[in-house]
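Heads up, the thing below is written out as C-alpha cells.
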Ligand SMILES: [Fe+2]
C-alpha cells in the first residue's frame, strides 16, 4: 500500500496563518510522516489584503527551510516535500495565472483554489481557460462554503467540467463546526471528492488528522479512503487524472 499524499498543508514558517517557526514546521511534517504520509506539498496562502505572498518569496522560504541545518538533522523522519500555494480566487490569482506565475502543484497539472466561505463565485469561464492550458482547478474544502452546507448544487457545473474537490480531513472531526462536518459526510456519500488532505496549520493538528483518517475509513471503507488519501492526490501530481 502506497503512502498518503497531502496536497494542502501550511508548514512553511511565518508566511501565513500556518506554523510560526521552522521547528514547528518540521514537527508538523514529521507528525504527518508518522501517520502515513510519504509526500506533503506546502500550500501557503496567496490571499489579497491578508497574505500578500508572491511566488518568489514563497520559493525563497521553501528553499530556506530545506537548506536549514534543522531540516538536515530531521531528514530521516520527514516525508518528501513539494511547494505550491492556496490561491484565493480573485483577480490577483487570475493575473498571476495568465502571467504564468501561479504556484501550480509540482508537475504543473493542477492548482489549488479556495473560495470565500459564503459565496461561490462565477468562475467557470476562467476554470475552462485553465483547463485549456492543461491546468486542472483543485478546489479546497467545498464542505466549508456555506452555500454548499445543505446541497452540492452550487458546484455541480464545476464538477461536470472536471474541477477536483479536496476534502479537508479535519472537517470530519467537527473542527470547523457541525455544518461543515455534515456537509463533508454528505459529499462523501455523493462521491463529490477526488482526494482528501490535512490542511494542517500546526503540529497539534496531526492528532486531529489521524482521528479524521480513522473516521474517513469508517465512513467510506479502507479501500475508498486509500483512494482519497493516496491514489487520487498522486494522480493530480502525475497528470493522470481520470475523473
Ligand atoms: Fe489551507
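Of all the criteria given as (1) outside any helix (DSSP H, G or I); (2) more than 16 Å from residue 189 (Cα to Cα); (3) away from the ligand (no atom under 16 Å from the Cβ), the one not satisfied by residue 150 is (2).
Condition check: assigned to a loop (DSSP other than H, G, I, E, B) and surrounded by 14 or more Cβ atoms within 10 Å (Cβ to Cβ). Does residue 162 satisfy that? Considered against the rule, which asks whether it is assigned to a loop (DSSP other than H, G, I, E, B) and surrounded by 14 or more Cβ atoms within 10 Å (Cβ to Cβ), residue 162 comes out as yes. Of the residues making up region 13-27, those that are free of Cβ contacts under 8 Å to residues at least 60 places away in the same chain and either surrounded by 24 or more Cβ atoms within 10 Å (Cβ to Cβ) or more than 11 Å from the ligand (Cβ to nearest atom) (or both) are 13, 14, 15, 20, 21, 22, 23, 25, 26.
Checking 73, 61 one by one, the residue that is loosely packed, with under 13 Cβ neighbours inside 10 Å and either modelled with pLDDT of 95 or more or closer than 26 Å to residue 117 by Cβ (or both) is 73 and no other.
Taking the criterion of being crowded, with 21+ Cβ neighbours inside 10 Å and in contact (Cβ under 8 Å) with a residue 60 or more places away in the chain, the residues of region 214-231 that qualify are 228, 229, 230. Residue 129: in a helix (DSSP H, G or I), in contact with a helix residue (DSSP H, G or I) (Cβ under 7 Å, 6 or more places away or on another chain) and either over 17 Å from residue 8 (Cα atoms) or touching a residue at least 40 places away in the same chain (Cβ under 8 Å) (or both), yes or no? In short, no. Residues in region 197-213: is at least one under 17 Å from the mean Cα position of the chain (by Cα), away from the ligand (no atom under 16 Å from the Cβ), surrounded by 22 or more Cβ atoms within 10 Å (Cβ to Cβ) and under 27 Å from residue 92 (Cβ atoms)? For region 197-213, residues under 17 Å from the mean Cα position of the chain (by Cα), away from the ligand (no atom under 16 Å from the Cβ), surrounded by 22 or more Cβ atoms within 10 Å (Cβ to Cβ) and under 27 Å from residue 92 (Cβ atoms): absent.
The values are calculated or read from the model by the stated rules, or taken from the named source; none is laboratory data. Computed from a predicted structure; not experimentally measured. So basically every Cβ, Gly included, is an ideal-geometry build from the backbone, and we count neighbours across all protein chains shown.
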